[in-house]
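The block underneath contains the structure these notes are about, expressed in structure tokens.
The values are calculated or read from the model by the stated rules, or taken from the named source; none is laboratory data. No experiment lies behind these values; they were computed from the predicted model shown. Quick reminder, even Gly has a Cβ in these numbers, built from the backbone with ideal geometry, and neighbours come from all protein chains shown.
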Amino acid sequence: MAVNVRHREGVVILELSGKIFGPAALEFKRVFEEEIASSTGAPKFLVDFADVTIMGSSGLGALTGAYVTVDQRGGLVALVNVGTNIENLMIRSKLVEQFEPFENEDQAIEALNAD
């Protein structure tokens, strides 16, 4: 698993690739927490799953934990390119309503920056 971090219009974009479970989920959590800690004000995050082949419950736990931290700081987390595997995992875990998936990055950035 790899995480590429970039910034666009005040939004931190985490581009994930590979399999997100076990030790890879811990790495995802670590990177997300570092980005949250270095952000000022209400952080805005977009997690891009375009190159994720599979995500397990540990990956979902890392995502959920980061969501809670960002939410407590008044921030937002959005998702883009959510595949069937991840969507089904979120539905089974009853977390689908906490995360708003978007069709593309432009749409997500616009929504995250809407006041």
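Could you look through the stretch 72-95, keep only residues that are of a type in the set (Val, Ile, Thr) and within 21 Å of Ser17 (Cα to Cα), and pick out the one that is surrounded by the most Cβ atoms within 10 Å (Cβ to Cβ)?
The extreme case among them is Val77.
How many residues does the stretch 85-115 contain that are of a type in the set (S, T, N, Q) and either modelled with pLDDT of 85 or more or assigned to a strand (DSSP E or B) (or both)?
4
Write out, first by first residue and then by second, each pair whose Cβ atoms fall under 9 Å of each other, whose residues are 6+ apart or on separate chains, and whose first residue, in the stretch 53-82, is among the aromatic types (Phe, Trp, Tyr) while the second is crowded, with 17+ Cβ neighbours inside 10 Å.
Within 9 Å, the pairs are Tyr67/Phe45; Tyr67/Val77; Tyr67/Phe99.
Among (1) at negative phi; (2) out of contact with any Asp or Glu (no Cβ under 9 Å at 6 or more places or on another chain); (3) surrounded by fewer than 20 Cβ atoms within 10 Å (Cβ to Cβ); (4) modelled with pLDDT under 95, there is one condition Gly41 misses while meeting the rest; what is its number?
It is condition (1) that Gly41 fails.
Condition check: in contact with a helix residue (DSSP H, G or I) (Cβ under 8 Å, 6 or more places away or on another chain) and of a type outside the set (A, V, I, L, M, F, W, C). Does Pro23 satisfy that?
Spelling it out, it is not the case that Pro23 is in contact with a helix residue (DSSP H, G or I) (Cβ under 8 Å, 6 or more places away or on another chain) and of a type outside the set (A, V, I, L, M, F, W, C).
Of the residues that make up the stretch 50-61, is at least one part of a loop (DSSP other than H, G, I, E, B) and of a type outside the set (Val, Ile, Thr)?
Yes, the stretch 50-61 contains at least one residue that is part of a loop (DSSP other than H, G, I, E, B) and of a type outside the set (Val, Ile, Thr).
Within the stretch 76-84, can one find any residue that is within 18 Å of Gly56 (Cα to Cα), assigned to a loop (DSSP other than H, G, I, E, B), β-branched (Val, Ile, Thr) and modelled with pLDDT under 85?
No.
Test of understanding: among Lys19, Lys94, Lys29, which residue is of a type in the set (Lys, Arg) and under 12 Å from the mean Cα position of the chain (by Cα)?
Answer to the selection: Lys29.
Just to be sure I understand the filter: pairs with C-beta atoms under 6 Å, separated by 6 or more residues or on different chains, first member in the stretch 11-30 and assigned to a strand (DSSP E or B), second member of a type in the set (Asp, Glu). Which pairs pass?
Val12/Glu35; Glu15/Asp48; Ser17/Asp51
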